[in-house]
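Working notes, beginning with the structure itself.
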Amino acid sequence: MNAQQVVAGIDLGGNAVNYTFLTGDRRFLVEGLCEHPALVTEGPDVCLQQIADGLEIAATGVGLTPDQIVGVGLDTPGPATAGGVLSARGSTNFVHERWAGFDIRAGLEAKLARPVCYLNDGNAAALWGHFSRFGVENKATSISAIIGTGLGGGVIVQGSVVTGRNGFGGELGHVLIPYRSIPGIEGLTPRCNCGRTGDLESLCSLTAIERTLLPFFLQRHPGHQLGELGDPRRAAKFVRGLAEKGDTMCREIFRVQAWALGLFFDEMINVFDPDVLFVGGGAVETDESFQQWIINEIRAAMPRQREEQAGIDILVMPNGDTAGARGAAIEALARV
Ligand SMILES: [Zn+2]
């Protein structure tokens with residue numbers, strides 16, 4: 001790559017596409033969100049055109065011409081293969097029938113007429129977290145858990161993303177944890193969409209708050225303002241804000257999520273002996289003192305570590321809302 005050339009990172013979410021650009025000397029040209037409507041529900045033809053149009057607008061916005069973009073990294077929610085073929089069974093984010101089994105990486109590559117590489121959104125965010133800490137060339141190992149509607153994330157081992165044989169590497173949400181050791185949820189049976197009981201996502205996600213934790217704790221806190229709302233889906237969205245303000249019940253819900261993460265991270269420490277653990281996603285987009293409280297609770301839940309591993313860093317992922325696009329751009333840079 002010469003000094004004029006860049007790679008683009010494109011994060012395709014449910015409602016919006018977010019863009020970033022990365023130079024050969026590892027500088028991001030976009031600081032915050034740079035969004036364009038996604039129109040995912042209208043199917044591949046409309047959506048891929050939207051992505052292309054948005055890319056041109058985003059490039060112009062930072063003073064780039066299209067010919068300066070020499071490679072593209074794309075990330076989307078899964079399930080998809082490691083090569084970017086969306087699941088033939090459909091998925092929450094790609095409901096239009098033509099998305100089933102669609103090769104979104106190849107589709108975008110044809111549309112943009114330049115090389116496109118693919119990561120799922122959790123792996124892309126994990127790659128960004130890793131890069132922000134260790135730079136591009138490194139042999140470090142990190143585990144990232146991203147708390148959103150579900151729980152995504154990624155495992156980077158000695159500098160490389162673990163995508164696995166079928167693209168399911170780093171599906172951390174469906175790893176079982178010994179949840180019965182979390183105090184305060186005796187009698188709770190946390191079920192996940194995937195069919196498991198007691199995996200990380202079943203306790204640590206917005207879906208877990210809505211379906212499992214909020215109903216459980218509201219029974220124990222009669223008269224709580226969120227019970228008065230009557231709509232669990234709406235109520236779930238207020239839990240973080242109230243927890244941040246110190247509401248007792250909402251803090252309890254966040255403590256359970258932090259403890260679930262602590263148990264999970266302990267498993268990861270014993271499997272990978274990582275350099276650092278990252279927590280990201282909407283749940284931790286809060287003020288610093290609440291982030292610190294969450295991290296302290298995660299640590300409190302972890303069994304005692306070996307002396308060598310006791311001081312492992314647990315960090316909040318920086319620039320959380322742009323993490324996917326940034327990670328996708330890093331992957332593209334590694335390939336051009
Ligand atoms: Zn699951």
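Quick note: the coordinates plus some simple rules give every number you see, no bench work behind them. Being a predicted model, the structure only gives us computed values, none of them experimental. Quick reminder, even Gly has a Cβ in these numbers, built from the backbone with ideal geometry, and neighbours come from all protein chains shown.
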For the chain, with the dipole built from +1 on Lys and Arg beta-carbon atoms and -1 on Asp and Glu ones, taken about the Cα centre, which of 195, 36, 64 lies farthest toward the positive end? 195
GluC sites (Glu not before Pro) lying in DSSP loop within the stretch 1-47, provided at most 16 other Cβ fall within 10 Å: 31
Please report the orientation-averaged projected area of the chain, defined via the convex hull of its C-alpha atoms, in nm². 16.9 nm²
Tell me which of 243, 80, 300 sits at the most positive position along the dipole axis of the chain, charges placed on C-beta atoms (Lys, Arg +1; Asp, Glu -1). 300
Quick check: pseudo-label points 7 Å beyond the Cα along Cα→Cβ at residue 234 and residue 176, how many nm apart are they? 3.9 nm
Using Cβ contacts closer than 10 Å as the measure, can you line up 202, 289, 160 from fewest to most? 289, 160, 202
Using alpha carbons only, how many degrees (0 to 90, rounded to 10) separate the axis of helix 121-134 from the longest principal axis of the chain? 90 degrees
Hey, if you put +1 on the Cβ of every Lys and Arg and -1 on every Asp and Glu Cβ in the stretch 138-317, which of 182, 140, 229 ends up farthest toward the positive end of that dipole? 229
Given charges at beta-carbon only (K, R positive; D, E negative), |dipole| of the chain in Debye: 560 debye
What does the charge count around residue 186 come to, taking other residues whose C-beta lies under 15 Å from its C-beta (Lys +1, Arg +1, Asp -1, Glu -1)? +2
With +1 assigned to the C-beta of every Lys and Arg and -1 to the C-beta of every Asp and Glu, and no other charges, what is the dipole magnitude of the stretch 276-336 about the Cα centre in debye, to the nearest 20? 240 debye
Which log10 I(q)/I(0) values, to two decimals, does the stretch 221-286 give at q = 0.11, 0.13, 0.23, 0.28 Å⁻¹ under the Debye formula with one point per Cα? -0.36, -0.47, -1.00, -1.25
Which of the trypsin sites (Lys or Arg not before Pro) found in the stretch 120-177 are loop residues per DSSP with 14 or fewer other Cβ atoms within 10 Å of their Cβ? 139, 165
Zero-based 10 Å bins, Cα pair distances in the stretch 138-317, whole percents: 10, 39, 35, 13, 3, 0
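Exposure proxy check: 250, 194 ranked by fewest other beta carbons within 10 Å? Intermediate values should be presented prior to the final figure.
Details: 250 25, 194 12.
Result, fewest neighbours first: 194, 250.
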Counting pairs of alpha carbon atoms under 8 Å apart in space and at least six apart in sequence, what relative contact order in percent does the stretch 138-317 give? 24 percent
Ignoring everything except DSSP H segments at least 4 long, calculate the 222 nm mean residue ellipticity for the chain; use -39,500 (n - 2.57) per segment, divide by total residues, nearest 500. -11000 deg cm²/dmol
Under a Cβ-only charge scheme (Lys and Arg +1, Asp and Glu -1), can you give me the dipole magnitude of the stretch 138-317 about the Cα centre, in debye to the nearest 20? 460 debye
